[in-house]
Amino acid sequence: SMIAKCYSSECGSTDDTAQLASKMQLLTSSLKDALMTIKSQNTTTKVLVTGYYQLVPASAKSCDTLIGISDQELLWLRQQDDNLNTAIKSAVTSAKYGRFVQPDFTGHELCTKDSWIQDLQQKTPFHPNKDGQKAIGQAVVTAYTADL
């Protein structure tokens, strides 16, 4: 909904930031509770929690998909992505259970030459394409096998 707001009007206000911060606090609490429940029921389960990939580039020069979203809004969206990953990682750390796995989409954000993200013309905009899913899967496999 916040990306939609960036398209339809301006996003990144103090109210927008506060609204997302509140949602991230709820996410952190809910995820921590879920991890603690899993831990209490089966301590041998290996739990990997993936972070969110960086969706947008720092600048949208010559990018039809992001027309109408300013570079300032893109930077704000990137910061919110970082905040989301901090919230997810915090939940994993706080639960003292599981491992946080951060997929790396550097250079493959929306509108880059080799984007791993579907644009507005594709079936599921803003979600990873085949290469993005592969990168997420590889990050998970790498994290999983690191302890073996």
Extension reserve of the Leu120-Leu75 stretch, reckoned as 0.36 nm per residue once the Cα distance is removed = 14.2 nm
With label points built 7 Å along Cα→Cβ from the Cα atoms of Val141 and Thr106, find their separation and express it in nm.
-> 2.2
Computed label-point distance, nm, for sites Ser9 and Lys130 using a 7 Å Cα→Cβ extension = 4.1
Excluding ligands, DNA and RNA, what is the solvent-accessible area per residue of the chain at a probe of 1.4 Å, expressed in Å²?
-> 60
Over the stretch 1-144: Kirkwood hydrodynamic radius from C-alpha pairwise inverse distances, Å | 16.4
Residues whose placed amide H lies under 5 Å from that of Phe100, excluding near-sequence neighbours = Val49
Could you give the angle, 0 to 90 degrees to the nearest 10, between helix 71-95's Cα long axis and the longest principal axis of the Cα atoms of the chain?
-> 10
Rg to Rh, two decimals, where the stretch 29-102 supplies the alpha carbon set and Rh follows Kirkwood | 1.18
For the residue pair Ser29 and Ser62, what label-to-label distance in nm results when each label sits 7 Å from Cα along the Cα-to-beta-carbon direction?
-> 4.8
Report, in whole Å, the centroid distance computed from the Cα atoms of the stretch 60-134 and the stretch 1-49.
-> 15
Cα-centred dipole magnitude for the stretch 51-130, charges only on beta-carbon of K, R (+1) and D, E (-1), debye, nearest 20 = 380
Using a cut-off of under 18 Å, list every residue of the stretch 84-119 whose amide N is near the label point 7 Å from the Cα of Thr44 along the Cα-to-beta-carbon line.
-> 98
Per DSSP, loop trypsin sites (Lys or Arg not before Pro) in the stretch 1-106 with at most 12 further Cβ within 10 Å | Lys46, Lys61, Lys96
With point charges of +1 on the Cβ of Lys and Arg and -1 on the Cβ of Asp and Glu, referenced to the Cα centre of the chain, which listed residue (Gln80, Leu27, Ala4) lies farthest in the positive direction of the dipole?
-> Leu27
Contact order relative to length of the stretch 46-87, as percent, for alpha carbon pairs under 8 angstrom and 6 or more apart | 48
Could you tally up the Lys pairs in the chain with alpha carbons closer than 22 Å? Skip any pair fewer than 8 positions apart unless they're on separate chains.
-> 20
Rounded tilt (10° steps) of 130-146 against the dominant C-alpha axis of the chain = 30
Round to a whole number: what % of the accessible area of the chain belongs to carbon and sulfur, probe 1.4 Å?
-> 54
Size of the stretch 3-71 along its principal axes in angstrom, Cα-based, largest extent first?
-> 50, 26, 15
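The values are calculated or read from the model by the stated rules, or taken from the named source; none is laboratory data. Not measured: the values here are computed from a predicted model. In this analysis, Cβ positions are derived from the backbone assuming ideal geometry, glycine residues included, and neighbour counts consider all displayed protein chains. We work out accessible area using only protein heavy atoms, side chains counted, and drop any ligands, DNA or RNA first. Shrake-Rupley method; radii C 1.70, N 1.55, O 1.52, S 1.80 Å.
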